[in-house]
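Q: My structure is below; once you've seen it, I'll send some questions.
The values are calculated or read from the model by the stated rules, or taken from the named source; none is laboratory data. The structure presented is a predicted model; accordingly, all values stated were derived computationally and were not measured. Virtual Cβ from ideal backbone geometry, glycine too; neighbours counted across all protein chains shown.
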Amino acid sequence: MKRISAIVVCALLLLAGCSLQDNTERKHLFWKVCDSNSCIYLLGSLHFADSSFYPLDSIIENAFERSEELAVEIDLSDDSISQQLDQMGEQYGFFHDGRTLDSVLPGDVAASLDSLCLAWRLPLGSFSRYKPLAAGMTVTAVGIMRLGYDSKLGIDVHFLEKAHNTGKKIVSLETVEDQVSALTGAGGSDSLGIFYLKTILRETPSLDSGTRGMVRAWKMGDDSLFCVNMNLDTALLSPADSLLKKEINEHIYYSRNRKMAEKITAFLAEDRNIFVVVGAAHLAGNHDNILDILRRKGFSVEQL
């Protein structure tokens with residue numbers, strides 16, 4: 001199975017805000033969603049993990065075994081899809097008009113990126129062909145991998161491999177173009193991407209603690225702790241930056257959440273016995289996370 005493209009997957013470990021809930025018993029970032037006569041299982045994934053995550057709890061593995069299909073954001077085990085990801089990542093995430101990242105960045109942001117490269121022992125100019133938002137995504141992915149987490153050990157990859165081994169049908173919730181467009185900022189302005197990269201560089205010193213906090217919360221099944229380690233709050237930003245951050249969140253998270261919730265709604269309408277794995281960030285956040293969208297549609301949502 002191919003290594004997952006850093007540009008495509010790292011957004012799902014990025015910071016996102018949420019309302020907190022009290023957990024009085026051990027849970028998992030794992031839910032059962034039901035209508036009047038059928039249920040699907042919905043698991044929040046971390047796309048970068050290590051061997052300490054495994055084996056997964058039997059309540060998760062048994063639900064997968066009972067399911068007839070696996071749904072993921074993108075079937076990254078399919079070689080043709082992996083090739084499309086690489087091609088579209090290059091097409092949408094890099095400059096092709098003679099510009100470089102330094103040529104569009106304000107001086108202070110370019111200096112911060114150079115300082116990070118030096119601190120992480122990356123060659124200066126490593127990001128020169130990247131567009132700003134794609135550069136921010138990749139900075140986050142590199143930072144997570146520096147902590148020892150590997151995309152090949154991600155939760156979604158674990159279930160993709162099991163689905164192949166057991167012959168389960170695999171369904172993609174998104175198209176390659178939709179996902180890559182969202183995670184590279186295709187169609188967005190340079191100013192939006194620059195704001196995003198500047199934010200990532202500013203938050204890089206807390207990346208280690210934030211990532212470890214989310215990992216700890218995932219293992220504990222503590223959605224409140226997971227949310228504490230995420231940050232989409234715009235309250236402390238200037239009005240202009242607040243608008244930019246809301247636009248980023250809409251682009252990366254909320255618009256995709258609505259589309260994936262529609263797919264899950266269709267699964268329930270068709271009474272399909274399906275196990276769904278999406279990035280945990282899509283199950284957190286404010287009112288536009290997938291779980292809240294499904295609740296508003298009238299479905300029963302139970303954390304397991």
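Q: Which numbered condition in (1) in contact with a strand residue (DSSP E or B) (Cβ under 6 Å, 6 or more places away or on another chain); (2) surrounded by fewer than 20 Cβ atoms within 10 Å (Cβ to Cβ) is the only one that ALA280 fails?
A: Evaluating ALA280 over (1) in contact with a strand residue (DSSP E or B) (Cβ under 6 Å, 6 or more places away or on another chain); (2) surrounded by fewer than 20 Cβ atoms within 10 Å (Cβ to Cβ) leaves (2) as the failure.
Q: While we're here: Quick one: which of LEU105, LEU15 is modelled with pLDDT of 95 or more and either exposed (fewer than 14 other Cβ atoms within 10 Å of the Cβ) or over 27 Å from ALA269 (Cβ atoms) (or both)?
A: Values: LEU15 fails: modelled with pLDDT of 95 or more.
Result of the check over LEU105, LEU15: LEU105.
Q: Moving on. Give the residues of segment 111-125 that are surrounded by fewer than 17 Cβ atoms within 10 Å (Cβ to Cβ) and either touching a helix residue (DSSP H, G or I) at 6+ places or on another chain (Cβ under 7 Å) or assigned to a loop (DSSP other than H, G, I, E, B) (or both), sorted by residue number.
A: Of everything in segment 111-125, those that are surrounded by fewer than 17 Cβ atoms within 10 Å (Cβ to Cβ) and either touching a helix residue (DSSP H, G or I) at 6+ places or on another chain (Cβ under 7 Å) or assigned to a loop (DSSP other than H, G, I, E, B) (or both) turn out to be TRP120, ARG121, LEU122, PRO123, LEU124, GLY125.
Q: A follow-up question, please. Checking the condition surrounded by 16 or more Cβ atoms within 10 Å (Cβ to Cβ), touching a His at 6+ places or on another chain (Cβ under 7 Å) and under 30 Å from ARG272 (Cα atoms), which residue from GLY188, GLY154 passes? Walk me through how you get there before you give the answer.
A: Working: GLY188 fails: under 30 Å from ARG272 (Cα atoms).
Checking each option against the conditions leaves just GLY154.
Q: Could you count how many residues in segment 258-289 are modelled with pLDDT under 95 and under 13 Å from the mean Cα position of the chain (by Cα)?
A: 8
Q: For segment 104-120, check the following and say yes or no: at least one residue is in contact with a His (Cβ under 7 Å, 6 or more places away or on another chain) and not polar (S, T, N, Q).
A: Pass one, segment 104-120, residues in contact with a His (Cβ under 7 Å, 6 or more places away or on another chain): none.
Taking every residue of segment 104-120 in turn, none turns out to be in contact with a His (Cβ under 7 Å, 6 or more places away or on another chain) and not polar (S, T, N, Q).
Q: For ILE170, all conditions in the list (1) within 21 Å of ASP75 (Cα to Cα); (2) more than 17 Å from the chain's Cα centre (by Cα); (3) assigned to a helix (DSSP H, G or I) hold save one; what is the number of the exception?
A: Condition (3) is where ILE170 drops out.
Q: Going through segment 237-271 one residue at a time, which ones are without any contact (Cβ under 8 Å) to a residue 60 or more places away in the chain and among the polar types (S, T, N, Q)?
A: SER238, SER242, ASN257, THR265, listed by residue number.
Q: Still on this model: Looking at (1) surrounded by fewer than 21 Cβ atoms within 10 Å (Cβ to Cβ); (2) under 22 Å from ARG295 (Cα atoms); (3) in contact (Cβ under 8 Å) with a residue 40 or more places away in the chain, which is the one condition that is false for ILE59?
A: (2)
Q: Just to verify a result, which residue in segment 173-185, among those that are part of a helix (DSSP H, G or I) and not polar (S, T, N, Q), is surrounded by the fewest Cβ atoms within 10 Å (Cβ to Cβ)? Quick ask: steps written out before the conclusion?
A: The initial filter retains those residues of segment 173-185 that are part of a helix (DSSP H, G or I), namely 176-184.
Subsequent filtering for residues that are not polar (S, T, N, Q) retains 176-178, 180, 182-183.
On the way: VAL176: 22, GLU177: 13, ASP178: 16, VAL180: 26, ALA182: 23, LEU183: 25.
Applying the filter and picking the extreme gives GLU177.
Q: Restricting to segment 78-110, give me the number of residues that are within 25 Å of the chain's Cα centre (by Cα) and not in a helix (DSSP H, G or I).
A: Start the filter on segment 78-110 by keeping residues that are within 25 Å of the chain's Cα centre (by Cα), which leaves 78-95, 101, 109.
So of that shortlist, the ones also not in a helix (DSSP H, G or I) come out as 78, 94-95.
Adding up the residues that qualify gives 3.
Q: Only residues that are more than 15 Å from MET137 (Cβ to Cβ) and in contact with a Lys or Arg (Cβ under 6 Å, 6 or more places away or on another chain): list them for segment 79-94, please.
A: SER82
Q: Out of segment 137-151, which residues are surrounded by fewer than 16 Cβ atoms within 10 Å (Cβ to Cβ) and part of a helix (DSSP H, G or I)?
A: MET145, ARG146
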